[in-house]
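This report concerns only the one structure given below.
The values are calculated or read from the model by the stated rules, or taken from the named source; none is laboratory data. Not measured: the values here are computed from a predicted model. Backbone-built Cβ (ideal geometry, glycine too); neighbour counts: all protein chains shown. Areas reflect the complete protein model, heavy atoms only, side chains present, ligands, DNA and RNA absent. Shrake-Rupley method; radii C 1.70, N 1.55, O 1.52, S 1.80 Å.
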Amino acid sequence: MTTADIEIRREELASQVATDLISALNEELSSLYPEAGANHFRLDHEEVTEGRGAFLVAYHLDEPVGCGAIRRLGADTAELKRMFVKTTARGLGVGRAMLEALEREALGLGVERIVLETGQRQLEAISLYEGSGFQPIPRFGEYLASPLSLCMEKRL
């Protein structure tokens with residue numbers, strides 16, 4: 001697989017492919033964060049509708065291999081959500097391609113900044129975000145009471 005083999009498409013959050021990928025993400029998060037009170041933060045359909053955000057799926061030869069979303073938080077800020085790449089496709093550029101596609105979506109929303117939350121144990125995700133220009137920021141919004149959360153931002 002090369003990045004040229006990856007196609008990223010907008011999908012409905014309620015679609016079967018989205019449901020399957022998010023279920024796989026939640027299963028992985030549950031194994032990484034088994035503590036009582038660990039949370040898989042929500043994403044609602046209306047947050048990723050045209051003009052408010054997007055839910056994207058990465059395909060390799062028509063097989064879904066990853067997903068991610070962007071949702072507008074305010075006039076100048078959008079949040080990256082539900083980034084996931086199947087273990088069989090990791091290390092092949094899917095995450096970077098998805099992140100770039102989500103940044104383009106954010107620019108299309110007219111925002112100047114992207115924020116995100118990831119878990120402190122997700123070292124590969126943190127490395128991807130840092131390598132793409134994201135910097136740590138204080139926890140915000142629904143993540144304030146989440147001690148295992150790491151929040152980051154990137155100015156576009």
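Judged by the ratio a/c of the largest to the smallest principal axis of the C-alpha gyration tensor, the stretch 73-145 counts as oblate, that ratio being 1.5 or greater while a/b is no larger than b/c. 3J(HN,Hα) along the stretch 84-94, derived from phi through the Karplus expression 6.51 cos²θ - 1.76 cosθ + 1.60 where θ = phi - 60°, amounts to 7, 10, 4, 4, 5, 10, 6, x, 10, x, 5 Hz, with x in place of Gly and Pro. What the chain shows is 51 Å² of accessible area per residue, with the surface traced by a 1.4 Å probe over protein heavy atoms.
Where the accessible area of the chain is counted over protein heavy atoms with a 1.4 Å probe, how much of it, in %, is carbon and sulfur? Please list the in-between numbers first.
On the way: 4000 of 7950 Å².
The computed percentage sits at 50.
From the square roots a ≥ b ≥ c of the eigenvalues of the alpha-carbon gyration tensor of the stretch 1-89, which class results: rounded (a/c under 1.5), prolate (a/b over b/c), or oblate?
Since a/c reaches 1.5 but b/c is at least a/b, the shape of the stretch 1-89 is classed as oblate.
Residues of the stretch 77-106 with an amide N closer than 20 Å to a point placed 7 Å from the Cα of Glu63 along the Cα-to-Cβ direction: 84-98. Amide H contacts of Tyr59 (H built 1.01 Å from N, in plane; Pro and chain starts excluded): Glu7, Ile8, Arg9, Val65 sit under 5 Å, all sequence-distant by 5 or more or on other chains.
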